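S.K.: My questions will all concern the structure given below.
The values are calculated or read from the model by the stated rules, or taken from the named source; none is laboratory data. No experiment lies behind these values; they were computed from the predicted model shown. Every residue, glycine as well, gets a Cβ built from its backbone with ideal geometry; the counts of neighbours run over all protein chains shown. Keep in mind that these areas ignore ligands, DNA and RNA; they rest on the heavy atoms of the full protein, side chains included. Shrake-Rupley method; radii C 1.70, N 1.55, O 1.52, S 1.80 Å.
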Amino acid sequence: MRPIFPLLRILLLLTTAILGLLPLGCGVKGPPIPPQMVPPPPVTDLQGRVVEDRAVLTWTGPGRASRRVMEMTGFRVYRARTPLSESACENCPLSFEQAAELNPGPQPDSQMRFSEVLQPGYRYTYKVVGYGAGDNRFEDSNLVALEFP
């Protein structure tokens with residue numbers, strides 16, 4: 001009667017191993033997962049200058065390099081304004097407010113331009129942020145500071 005116990009023990013171990021593996025290979029597929037979309041690169045060539053009493057900003061919208069890059073719908077221009085009477089502080093946080101929303105049309109990689117009238121006595125700092133469908137906000141551009149005495 002002794003030889004049956006090792007055989008029974010082996011059979012019990014094999015049954016436990018097979019039952020333990022069943023949940024891993026049930027054969028049911030999950031829902032399809034779309035490929036991971038990546039945001040477009042931020043604007044890096046934002047430039048600004050004062051022309052008479054206006055701030056004129058120019059930049060090139062980043063193109064869509066591949067189908068995995070999210071499509072850009074437009075740009076938002078943000079402005080921070082501080083009085084020139086306050087000393088410039090490099091590490092102080094700036095309070096940006098939206099100055100404009102621009103739609104580049106069918107070619108988001110074209111040359112973009114924005115201008116607005118400045119009030120004297122202020123230091124203006126601008127940045128541009130692209131956005132996509134569903135109001136996805138992309139990375140901030142470089143900052144441009146202009147002074148209008």
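S.K.: What number of residues in region 52-96 are among the small types (Gly, Ala, Ser) and over 17 Å from residue 144 (Cβ atoms)?
M.R.: Step one: of region 52-96, the residues among the small types (Gly, Ala, Ser) are 55, 61, 63, 65-66, 74, 80, 85, 87-88, 95.
Next, only the ones that are over 17 Å from residue 144 (Cβ atoms) stay: 63, 65-66, 74, 85, 87.
Looking only at that region, the number is 6.
S.K.: Follow-up question, since we're still on this one. When you go through 50, 77 one by one, which is the residue that is surrounded by 15 or more Cβ atoms within 10 Å (Cβ to Cβ) and either of a type outside the set (Phe, Trp, Tyr) or at pLDDT below 85 (or both)? Lay out the reasoning, then the answer.
M.R.: Details: 50 fails: surrounded by 15 or more Cβ atoms within 10 Å (Cβ to Cβ).
Of the residues listed, the single one that is surrounded by 15 or more Cβ atoms within 10 Å (Cβ to Cβ) and either of a type outside the set (Phe, Trp, Tyr) or at pLDDT below 85 (or both) is 77.
S.K.: Do we find that residue 129 is open to solvent by less than 30 Å² (accessible area, probe 1.4 Å) and either in contact with a Leu (Cβ under 9 Å, 6 or more places away or on another chain) or among the acidic types (Asp, Glu) (or both) in this structure? Walk me through how you get there before you give the answer.
M.R.: Values: open to solvent by less than 30 Å² (accessible area, probe 1.4 Å): yes; either in contact with a Leu (Cβ under 9 Å, 6 or more places away or on another chain) or among the acidic types (Asp, Glu) (or both): no.
Criteria not met by residue 129.
S.K.: If you check 83, 40, 104, 108, which single one turns out to be modelled with pLDDT of 80 or more, open to solvent by less than 90 Å² (accessible area, probe 1.4 Å) and closer than 17 Å to residue 136 by Cβ?
M.R.: Values: 83 fails: closer than 17 Å to residue 136 by Cβ; 104 fails: modelled with pLDDT of 80 or more; 108 fails: modelled with pLDDT of 80 or more.
Step by step, each of 83, 40, 104, 108 is checked, and only 40 is modelled with pLDDT of 80 or more, open to solvent by less than 90 Å² (accessible area, probe 1.4 Å) and closer than 17 Å to residue 136 by Cβ.
S.K.: Same structure, new question: Tell me, which strands (runs of 3 or more DSSP E) wholly within region 49-148 include 2 or more residues that are more than 16 Å from the chain's Cα centre (by Cα)?
M.R.: Working: elements: 54-60, 72-83, 97-102, 111-117, 122-132, 137-140, 144-148.
Strands (runs of 3 or more DSSP E) meeting the threshold: 54-60, 72-83, 97-102, 111-117, 122-132, 144-148.
S.K.: Of all residues in region 132-148 being open to solvent by 70 Å² or more (accessible area, probe 1.4 Å) and farther than 14 Å from residue 81 by Cβ, which is modelled with the highest pLDDT?
M.R.: 139
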